[in-house]
Each structure stands twice: as structure tokens, then as C-alpha cells.
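Asks: Sharing a structure, written as C-alpha cells. Questions coming.
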Amino acid sequence: MHNDEKKDVMEHLDELRKRLLIVMYFFVAALIVGFFLSQPLIYQMQNAPWTANIQMHAFQVADPIKIYLMVIVIIAFVVILPVILYQLWAFISPGLYSNEQKLTLSYIPIVMILMLVGMAFSYFIVVPYIVHFTFDLSEQMGIATTIGINQYFGFLFRTVLPFGLIFQMPILVLFLTQLGIITPMVLKKNRKYAYFILFIIAAIIAPPDFMTHILLTIPMILLYELSIVISKYGYKRYLKAEEKALEESLNED
């Protein structure tokens, strides 16, 4: 490795270290914010409308503190998500063209909005449905259900957080399409394989809860179909950008 190459590598590593330190500082500050927000949030989740007839128990001494710390960390992560995305963009942006820099930067608020929409959709629609369905079934079967506080919050986290990630699918597809990596034609052609992969992903995210699996798979399929529609728009922009670049290249010659 030449001296210039070593210098470039060291500069990149130094830049990466600076970006990670910035994220760490913001994360520590967000943990403080989470410390004050966690108790009201935990209280709200414990006393949601669908928990009216649920009595929760702590089966281990450490369950309450475990939930408390977990909620603090999740709040901190959601709060600093824009910071993480911006630092990632700032690290890779020097290697992008100016139009790609503007494009990728504009995705940051969209990613944040989709994350919150996905989590809200899961919390206010999916979770109540699962809780009502399972408790009605238990009542019909004459089963007295005892809920551990750790299990309840674990169920919430496993259901709500994946939806925040799954709702990123349209923006990810748009991004890859505008870079020319995928096309709407490819998405259509491989639809059945994509459905199978989404089904497997849902099974990995939500085992062994069958209802969560189904309620996760259906929105994923709908988001995939929406991604195809969005991809058509992105592909048109990609073709126009390529045509413009070709014209500029010919004019230079």
C-alpha cells in the first residue's frame, strides 16, 4: 500500500471516528431525555384502552428495571435517528455526485416520518387487534390469562419496532431505483419470490406469534406493491438523469 493510500485510509478512519463520537454524544444526551420520558410512556402503555381487564405481574425481581432501561434506550434511539442518518450521509456524501447528495439528504426526514408512522400503525391498530383476539379466544376456551409485565412489553417491542423498519421499504426501493440498481420491471417479475422472502422475514421477526406473523406479512406485501408504484416514478427520474448526462457528454465531445 502506497503512502497516499495509507493516508486516505487513515483520513477515512479518522472521519468515521469523529462521526461515531458525535452519535455517541447525542445518544448520551438522548438517554437523559429518555430517563424523563420513560415513566410516562410506560404508564401509558400499561394503561392503554386494550389493557383495561389485564392485570400484569412481575415474575422476577429485575423485570421492572429491565423494562425501564429498555424503554429509555428505545426512546434515545428514536430521538437520535435523524442524527445517525445525517452522520451516515455526511460520511458517504463526499463520494457522491451533487445530485445524489441532495437526493440522499432529502430522504432523512422521510425515513423518520415513515418510522413513526409504522410504529404508530402497529401500536394503535395491530397491537389492540392481537390483544382483543387472543383474550376473546382465551375467554371462549375458559382459560384465565396471567400476563407477566416483561412478556407484555416484550410483545409490544417485537410488534411495534419491526413495523417502523418495515415501513422503510418504499423509500428504500425509491432510493435504489433512482440510483439505477433496481427497476420496477424487476420488482414485478420477481413478485412471487419477494412475497416468499417477506413471509420468511415476518416469521423471523415475530416467532412464535402466528397472529403477529400474519398481521406483519400483509402490510409488508401491501408496502411491496406500493414500492412498485413508487419505483416507476423513481425509474422515470433515473432515465431522465441518464439522458441528460448523455447529452452533456455528447455536447462536450
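The values are calculated or read from the model by the stated rules, or taken from the named source; none is laboratory data. All of these numbers come straight from a predicted model, not from anything done at the bench. A quick note on method: Cβ atoms are made from the backbone with ideal geometry, for glycine too, and the neighbour counts reach across all protein chains shown. For accessibility, only protein heavy atoms count, side chains too; no ligands or nucleic acids. Shrake-Rupley method; radii C 1.70, N 1.55, O 1.52, S 1.80 Å.
Asks: Pairs needed: first member in the range 55-69, over 20 Å from Val131 (Cα atoms); second member anywhere, of a type in the set (Gly, Ala, Ser); C-beta distance under 7 Å; at least 6 residues apart or different chains.
Replies: Sorted first by the residue in the range 55-69, then by its partner, the pairs are Phe59/Gly148; Pro64/Ala58; Tyr68/Ser38.
Asks: Does Leu174 satisfy being touching a residue at least 60 places away in the same chain (Cβ under 8 Å), open to solvent by less than 70 Å² (accessible area, probe 1.4 Å) and either closer than 30 Å to Asn47 by Cα or in contact with a helix residue (DSSP H, G or I) (Cβ under 7 Å, 6 or more places away or on another chain) (or both)? Give the derivation first.
Replies: Numbers: touching a residue at least 60 places away in the same chain (Cβ under 8 Å): yes; open to solvent by less than 70 Å² (accessible area, probe 1.4 Å): yes; either closer than 30 Å to Asn47 by Cα or in contact with a helix residue (DSSP H, G or I) (Cβ under 7 Å, 6 or more places away or on another chain) (or both): yes.
It is true that Leu174 is touching a residue at least 60 places away in the same chain (Cβ under 8 Å), open to solvent by less than 70 Å² (accessible area, probe 1.4 Å) and either closer than 30 Å to Asn47 by Cα or in contact with a helix residue (DSSP H, G or I) (Cβ under 7 Å, 6 or more places away or on another chain) (or both).
Asks: Identify, please: which residue in the range 103-126 is among the small types (Gly, Ala, Ser) and surrounded by fewer than 18 Cβ atoms within 10 Å (Cβ to Cβ) and is, among those, nearest to Val173 (Cα to Cα)?
Replies: Just the residues of the range 103-126 that are among the small types (Gly, Ala, Ser), to begin with: 106, 118, 120, 122.
Okay, now just the ones that are also surrounded by fewer than 18 Cβ atoms within 10 Å (Cβ to Cβ), so 106, 120.
Values: Ser106: 15, Ala120: 22 Å.
Out of the qualifying residues, it is Ser106.
Asks: Can you name the number of the only condition in (1) open to solvent by less than 80 Å² (accessible area, probe 1.4 Å); (2) assigned to a loop (DSSP other than H, G, I, E, B) that Asn53 fails?
Replies: (1)
Asks: What is the residue count in the range 22-50 for residues that are open to solvent by less than 60 Å² (accessible area, probe 1.4 Å) and hydroxyl-bearing (Ser, Thr, Tyr)?
Replies: Residues in the range 22-50 being open to solvent by less than 60 Å² (accessible area, probe 1.4 Å) and hydroxyl-bearing (Ser, Thr, Tyr): 1 in total.
Asks: Count, please, the residues in the range 13-44 that happen to be in contact with a Phe, Trp or Tyr (Cβ under 8 Å, 6 or more places away or on another chain) and at pLDDT below 90.
Replies: The total comes to 2.
Asks: Going by the structure shown, is Phe59 in contact with a Gly (Cβ under 6 Å, 6 or more places away or on another chain), open to solvent by 40 Å² or more (accessible area, probe 1.4 Å) and not small (Gly, Ala, Ser)? Steps first, answer last, please.
Replies: Details: in contact with a Gly (Cβ under 6 Å, 6 or more places away or on another chain): yes; open to solvent by 40 Å² or more (accessible area, probe 1.4 Å): yes; not small (Gly, Ala, Ser): yes.
Criteria met by Phe59.
Asks: Enumerate the pairs (first residue in the range 127-150 and more than 21 Å from Ile67 (Cα to Cα) and open to solvent by less than 90 Å² (accessible area, probe 1.4 Å); second residue anywhere and at pLDDT 85 or above and outside any helix (DSSP H, G or I)) with beta-carbon separation below 9 Å, excluding pairs fewer than 6 apart on the same chain, so at least 6 apart or on different chains.
Replies: Final answer for the pair search is none.
Asks: Taking Ala194 as meeting all but one of (1) touching a residue at least 40 places away in the same chain (Cβ under 8 Å); (2) touching a Leu at 6+ places or on another chain (Cβ under 9 Å); (3) of a type in the set (Gly, Ala, Ser), write down the number of the exception.
Replies: Checking Ala194 against (1) touching a residue at least 40 places away in the same chain (Cβ under 8 Å); (2) touching a Leu at 6+ places or on another chain (Cβ under 9 Å); (3) of a type in the set (Gly, Ala, Ser), the one that fails is (1).
Asks: Let me ask another. May I ask you to verify whether Ala58 is among the hydrophobic types (A, V, I, L, M, F, W, C) and more than 19 Å from Pro162 (Cα to Cα)?
Replies: yes
Asks: So, in the range 97-111, of the ones that are hydrophobic (A, V, I, L, M, F, W, C) and closer than 17 Å to Leu223 by Cβ, which residue ends up nearest to the chain's Cα centre (by Cα)?
Replies: Narrowing the range 97-111 to residues hydrophobic (A, V, I, L, M, F, W, C): 103, 105, 108, 110-111.
Narrowing further to those that are closer than 17 Å to Leu223 by Cβ: 110-111.
On the way: Ile110: 12, Val111: 8 Å.
Out of the qualifying residues, it is Val111.
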